[in-house]
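Beneath this line is the structure, given in structure tokens, with notes to follow.
The values are calculated or read from the model by the stated rules, or taken from the named source; none is laboratory data. Just so it is clear, the structure is predicted and the values come from calculations on it, not from any experiment. Heads up, the Cβs are rebuilt from the backbone with ideal geometry, glycines too, and the neighbour counts pull from every protein chain shown. Please note that ligands, DNA and RNA were not included when accessible areas were found on the heavy atoms of the full protein model with its side chains. Shrake-Rupley method; radii C 1.70, N 1.55, O 1.52, S 1.80 Å.
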Amino acid sequence: QCRGKEFSFFLQEPREDCVVAKALGARRQERAKTVITSRQGRQKWVSLAAAPILSRTGELLGGFATVFDFTRVVEKERNLARMNQQILDAVRETGSISERLAEAGQSLGDGILSVNQGMTEQRGRVTETATAVEQMSATIVEIARNASEAAKASAENETQAEEGKEIVDMTVEAITEV
């Protein structure tokens, strides 16, 4: 719990340009997204909202700030991006292997025309190659499906972050009205 703490409590060094100072100076609600460094030296991605508390005569009585830490969302997005890159690399590698297999199949076909004696054996190899290509194609489809699911999960995380932001906004707005 950090209720009642100075905003600089969250920062390694107090900053003059913080959203709280801007809100108090302008006497209106201010919002910002930024990266801060905690007193423990950790970087945190946060959404900040601040509003002044004014008397009926407009005198500044204090201020209110909310901080929403969405560091986990950023970290999950980065992990998803890293996984997507790994999937993309795997798909590219699979494509390269498929090309090499196709070239090998062509060479195999040419050998079949040249050598009648080994025709039966060569047909078996072509069938194996085709089966391998089909299996790789099925693997590529599975990789693409996993990439799609990862993108969907990323979108759901973003939606959850937006919903959290909306709740904070409504809280700030309600307090501003008070």
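In the stretch 64-78, the residues that are farther than 16 Å from Arg42 by Cα reach residues that are of a type outside the set (A, V, I, L, M) with C-beta atoms within less than 7 angstrom, at least six apart or across chains, in these pairs: Ala65/Phe7; Thr66/Thr171; Lys76/Asn157; Glu77/Ser154; Glu77/Asn157. Would you mind stating whether Ala132 is closer than 30 Å to Glu166 by Cα, modelled with pLDDT under 80 and not acidic (Asp, Glu)? Here the answer is no, as Ala132 does not meet what is asked. Just one of (1) farther than 22 Å from Glu158 by Cα; (2) without any contact (Cβ under 8 Å) to a residue 40 or more places away in the chain fails for Gln43. It is (1).
Considering every residue within the stretch 76-84, establish whether at least one is within 30 Å of Glu173 (Cα to Cα), of a type in the set (A, V, I, L, M) and exposed (fewer than 14 other Cβ atoms within 10 Å of the Cβ). Among the residues of the stretch 76-84, not one is within 30 Å of Glu173 (Cα to Cα), of a type in the set (A, V, I, L, M) and exposed (fewer than 14 other Cβ atoms within 10 Å of the Cβ), which makes the answer no. For the stretch 43-80, which positions are part of a strand (DSSP E or B) and of a type in the set (Asp, Glu)? Result: Asp69, single match.
If I filter the stretch 6-31 down to residues being within 22 Å of Gly164 (Cα to Cα) and open to solvent by 40 Å² or more (accessible area, probe 1.4 Å), which single residue comes out as modelled with the lowest pLDDT? The selected residue is Phe10. One residue alone among Ala90, Ala150, Ala132 is surrounded by 13 or more Cβ atoms within 10 Å (Cβ to Cβ), in contact (Cβ under 8 Å) with a residue 60 or more places away in the chain and either among the aromatic types (Phe, Trp, Tyr) or part of a helix (DSSP H, G or I) (or both), and that residue is Ala150.
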